[in-house]
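Notes for the one structure printed next.
Readers should treat all values here as calculations from the given coordinates under stated rules, not as data from a laboratory. This one's a predicted model, so the numbers in the text were calculated from it and none came from an experiment. Backbone-built Cβ (ideal geometry, glycine too); neighbour counts: all protein chains shown.
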Amino acid sequence: MAALGRLARRLTIVGLLLEFEPEIKSYLDAPESLEELQRNAQGPSQLGYEDHHIAEQQSAEDYGFPRDMIDAPDNIVRIPTWKHHEINGWYGRPSRNPPFNGLSPREYLRDKDWRERTRIGLDALIDRGVLKP
Amino acid sequence: MKKVVLEQMSVDELVNHFLALTLDQGQALYYEDNPKYNALFRNMISVEQELKSRAGDQRRALAKFLKHSNLQVRLMAALATLPVEPVQARAMLQKISDANIYPQAADARGMLRELEKGHVPT
């Protein structure tokens, strides 16, 4: 019975690896240039990747930035799916790092201009090894 | 739920409370539970402020967690002790950054960048 249990666990792990293979592979990508990430977002969709707004769309829309500015090609990059999820989570968590000083990035950006939103968005990509410094 | 009165706690109790909060933060991150993480983070900041207010700035008592086995504990200990143990704390941030384990590596990088730009933690 123990051998059957071990086999079942191994099959589960193999199943998970196969199911998430595209996400696992893309997560290990080396950093790319901004131009590469933007260009990739203009092509057909790819397994393991999602399109990401450099200046976060939710807070930008809440602030009143126009949709065509938010969805402009220079604001969209294609990045590994799990890095995308990490960045989305990070926007909602408080950070003591400047300039947030205890606010979440989303709270900090509430009244900031487009330039600052872009700067924070690019730093988020660099800090997660998606964008070359 | 038992109310924690930080002002009545000893330094050792505050340090242990910091450890419990940061261990729970690690779990909250693992389960992507931002509301829980955010509450734990704010409690942790309160603990640090209380330690800072104790004679001699007792945040230095958190430096022992720079060698803790849990990555989130090490990260938060490094960030908390930057003003009082800057060399050790910065070295730990660099190690966390180099290890490329996320999300902690990204937080460490964010602070290292600000330090390079001249940020002085207080």
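Structure notes:
- Test result for B:Val15, of a type outside the set (Lys, Arg), in contact with a helix residue (DSSP H, G or I) (Cβ under 6 Å, 6 or more places away or on another chain) and either surrounded by fewer than 14 Cβ atoms within 10 Å (Cβ to Cβ) or over 30 Å from A:Arg106 (Cβ atoms) (or both): yes
- Every pair of residues 6+ apart whose Cβ atoms lie under 9 Å, when the first sits in the stretch B:9-25 and is of a type in the set (Lys, Arg) while the second is surrounded by fewer than 19 Cβ atoms within 10 Å (Cβ to Cβ): none
- Exactly one residue out of A:Gln58, A:Gln46, A:Gln38 is out of contact with any Pro (no Cβ under 6 Å at 6 or more places or on another chain), of a type outside the set (Val, Ile, Thr), under 30 Å from B:Met44 (Cβ atoms) and away from chain B (no Cβ under 12 Å): that is A:Gln58.
- Residues satisfying the stated conditions in the stretch B:69-122, i.e. surrounded by 18 or more Cβ atoms within 10 Å (Cβ to Cβ), part of a loop (DSSP other than H, G, I, E, B) and away from chain A (no Cβ under 11 Å): B:Val84, B:Glu85
- Matching entry among A:Asp51, A:Asp111 (being under 23 Å from A:Ser26 (Cα atoms) and more than 10 Å from chain B (Cβ to nearest Cβ)): A:Asp51
- Selection count, the stretch A:49-64, where residues are within 21 Å of A:Glu23 (Cβ to Cβ) and surrounded by fewer than 17 Cβ atoms within 10 Å (Cβ to Cβ): 1
- When every residue of the stretch B:48-68 is checked against the conditions, at least one turns out to be assigned to a helix (DSSP H, G or I), more than 14 Å from chain A (Cβ to nearest Cβ), under 11 Å from the mean Cα position of the chain (by Cα) and closer than 17 Å to B:Ala20 by Cβ.
- Yes/no for B:Gln72 being of a type outside the set (A, V, I, L, M) and either touching a Ser or Thr at 6+ places or on another chain (Cβ under 6 Å) or touching a residue at least 60 places away in the same chain (Cβ under 8 Å) (or both): yes
- Check on A:Pro80, in contact with a helix residue (DSSP H, G or I) (Cβ under 7 Å, 6 or more places away or on another chain), within 30 Å of B:Ala80 (Cβ to Cβ) and within 14 Å of another protein chain (Cβ to nearest Cβ): no
- Criterion: under 13 Å from the mean Cα position of the chain (by Cα), of a type in the set (Gly, Ala, Ser) and surrounded by fewer than 21 Cβ atoms within 10 Å (Cβ to Cβ) - qualifying residue of A:Gly102, A:Gly89: A:Gly89
- Every residue from the stretch A:108-133 that is among the acidic types (Asp, Glu), exposed (fewer than 14 other Cβ atoms within 10 Å of the Cβ) and not in a loop (DSSP other than H, G, I, E, B): A:Asp111
- Taken together, the criteria place A:Ala55 among residues that are of a type outside the set (S, T, N, Q) and touching a residue at least 60 places away in the same chain (Cβ under 8 Å).
- Among residues of the stretch B:1-47 being assigned to a helix (DSSP H, G or I) and of a type in the set (Val, Ile, Thr), the one that is farthest from the chain's Cα centre (by Cα) is B:Val11.
- Each residue in the stretch A:35-75 was checked for being over 16 Å from A:Arg117 (Cα atoms), aliphatic (A, V, I, L, M) and part of a helix (DSSP H, G or I), and 2 of them qualify.
- All of (1) within 30 Å of B:Gln49 (Cβ to Cβ); (2) touching a Ser or Thr at 6+ places or on another chain (Cβ under 6 Å) hold for A:Glu23 with one exception: (1).
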